[in-house]
Amino acid sequence: MVTAVRYRTAMALDKDDWIRAALFALAEGGVAGVAVERLAAGLGATKGSFYWHFRDRSDLVGQALTAWESDATDRIIAELGDVEDPVERLRLVMAEAMEDEDSGPIDVELLSAARDPQVAEVVARVQAKRLAFLERCFSDLGFPPAESRHRGRLAYSAYLGWFDLVRTRPGARPSNRERAAYQRSVVGVLTSNLPR
């Protein structure tokens, strides 16, 4: 997957190319998978290019995790947080999250890599933000706090479960139509029995 940015080698690589490659490496092999030499080879770059942008490997891992948190969580929450209708907000967040075929698998793999303290801290923060956002959707629908929390966890589990299934069954990749039907079903089930 590191080759996903190889097309940039005709031009000068920038920091974002290294960060993207590091995210894929994190997803494939945890923190141990982020080897500067291997990333450089995959990018068609030199180690000098790496040191132009980063102090060391830990700096790269930290910046990659920060970029993931910012793009795959903070940006989405900021874009959708003001949607007034909670059902529409939930539908939009599920669609946005599940249609990102790069971040979804990275999310699932980063959860597995959370044994590393540097990854664990960011994963815990990301999960807390996501669960709070989902819980707010259900709270805004009138569910009591405990039920909002449960439904938020179910929504998050449905998202992670989708990408875990896709990851473990690469030959049986679902179509866009199947993914949209799954999203509708998840939102329909989770918003059923609305409080009166």
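One table, with the values for the structure above:
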| read-out | value |
| --- | --- |
| Boolean, residue 108 is β-branched (Val, Ile, Thr) and at pLDDT 85 or above | no |
| Test set (1) under 17 Å from the mean Cα position of the chain (by Cα); (2) surrounded by fewer than 18 Cβ atoms within 10 Å (Cβ to Cβ); (3) among the small types (Gly, Ala, Ser) - residue 152 fails condition number | (2) |
| Long-range neighbours under 7 Å by Cβ, at least six apart or interchain, first residue assigned by TED's automatic domain parsing to the domain that holds residue 73 and over 11 Å from residue 25 (Cα atoms) within segment 105-118, second at pLDDT below 80 and of a type outside the set (A, V, I, L, M, F, W, C) | 105/167; 108/167 |
| Residue 85 surrounded by fewer than 18 Cβ atoms within 10 Å (Cβ to Cβ) and over 23 Å from residue 124 (Cα atoms) | yes |
| Any chance residue 126 is farther than 19 Å from residue 91 by Cβ, free of Cβ contacts under 8 Å to residues at least 60 places away in the same chain and buried (at least 18 other Cβ atoms within 10 Å of the Cβ) | yes |
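Condition check ((1) outside any helix (DSSP H, G or I); (2) of a type outside the set (A, V, I, L, M, F, W, C); (3) under 24 Å from residue 192 (Cα atoms)) across all residues:
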| residue | (1), (2), (3) |
| --- | --- |
| 75 | no, yes, no |
| 78 | no, no, no |
| 88 | no, yes, yes |
| 125 | no, yes, no |
| 151 | no, yes, yes |
| 157 | no, yes, yes |
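Matching residues to (1) more than 24 Å from residue 105 (Cα to Cα); (2) in a helix (DSSP H, G or I):
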| position | (1), (2) |
| --- | --- |
| 32 | no, yes |
| 38 | no, yes |
| 45 | yes, no |
| 49 | yes, yes |
| 59 | no, yes |
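The values are calculated or read from the model by the stated rules, or taken from the named source; none is laboratory data. Everything numeric here is computed off the predicted structure, so don't read it as measured data. Quick reminder, even Gly has a Cβ in these numbers, built from the backbone with ideal geometry, and neighbours come from all protein chains shown.
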